[in-house]
Amino acid sequence: MPKTIRPIVRCPWAGTDPIYRAYHDNEWGVPVHRDKKLFEFLILEGFQAGLSWITILKRRELFRVAFDNWDWRVIAAYKGADVSRLMGDAGIIRNRLKIVSAINNAKRFEEIRKEFGTFSRYMWRFTDNATVLPEKPYASWKDVPCTSPISDAMSADLRKRGFTFAGSVICYSHMQAVGMVNDHVRGCFRCPVTPSSILSPSPSPLRSQSSRSFRSLAAPG
């Protein structure tokens, strides 16, 4: 008798789009420590503001080409001509405020690297260098928060350092994208099963606080 092949169960937001599914299966919630990828997600999250994440994912390669392979040193030196070039690039999101923000944030990114050695070292200190897991897996996507005390703290610090498009919602989406939190819902094959206390024996006070607001969007950032 042939074996029954069970379908893979994913978070509902992954839908049927192959790009979305690949991102869900291979990237979302996976810890990232390489500065270039952290910078990429930080900038893309800013461009997503007010838009769907799939809109950004479908343009991801075009963004990479337009922004010099996410070399923050090159981007930090962009001038007016580069802003005009990007505003004329139909492959990306042509929003002047977001483009100018990306250039500014590249400069601030390098400042943090000079202070901490790497941006990764700066960012992961907010979670004690561990992935934060919920006390128990979320039952559905509507239960997943869109901010937390940690994202509030990260946002406040980034803004103090001069970052723009760095609100708490954007920071929490960034945390999800780079695996600082793992919010795959119950039943998803990527849903974490290890208690967060095992991942980090000495959690910071921020990690023990409950999330404040909850997501109403249909998909992650």
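General remarks:
- Distance between modelled label sites at Val100 and Met87, nm, 7 Å Cα→Cβ extension: 1.0
- Annotation: amide H of Val132 within the under-5 Å range of Val181, Asn182, sequence separation 5 or more or interchain, hydrogens built in the peptide plane.
- Taking 0.36 nm per residue of separation and subtracting the Cα-Cα distance, full extension of the segment from Val193 to Ile19 would add 60.1 nm.
- [x] 33; [y] 25; [z] 42, with the label sought being that of the calculated percent of Cα pairs over 27 Å apart: [x]
- Charge dipole (Cα centre; +1 on Lys/Arg Cβ, -1 on Asp/Glu Cβ; no other charges) of the chain amounts to roughly 180 debye.
- Straight Cα distances below 28 angstrom link Lys79 to the lysines Lys36, Lys37, Lys58, Lys98, Lys107, Lys114, Lys160, with same-chain residues fewer than 8 positions distant left out.
- Net lengthening on full extension, Arg64/Lys107 (0.36 nm per residue, minus Cα-Cα): 13.7 nm
- Centre-to-centre, using Cα atoms only, the stretch 105-148 and the stretch 68-82 are separated by 24 Å.
- As a proxy for reagent exposure, ranking Val181, Val169 by other Cβ atoms within 10 Å from fewest up yields Val169, Val181.
- Multiplying the residue separation of Asp71 and Asp143 by 0.36 nm and removing their Cα-Cα distance gives an extension gain of 22.3 nm.
Laboratory data are not the source of any read-out in this text; all were calculated from the coordinates shown. The model shown is predicted, which means the values in this text are computed figures rather than measured ones. As a convention, Cβ positions derive from the backbone with ideal geometry for all residues, glycine included, and neighbour counts pool all protein chains shown.
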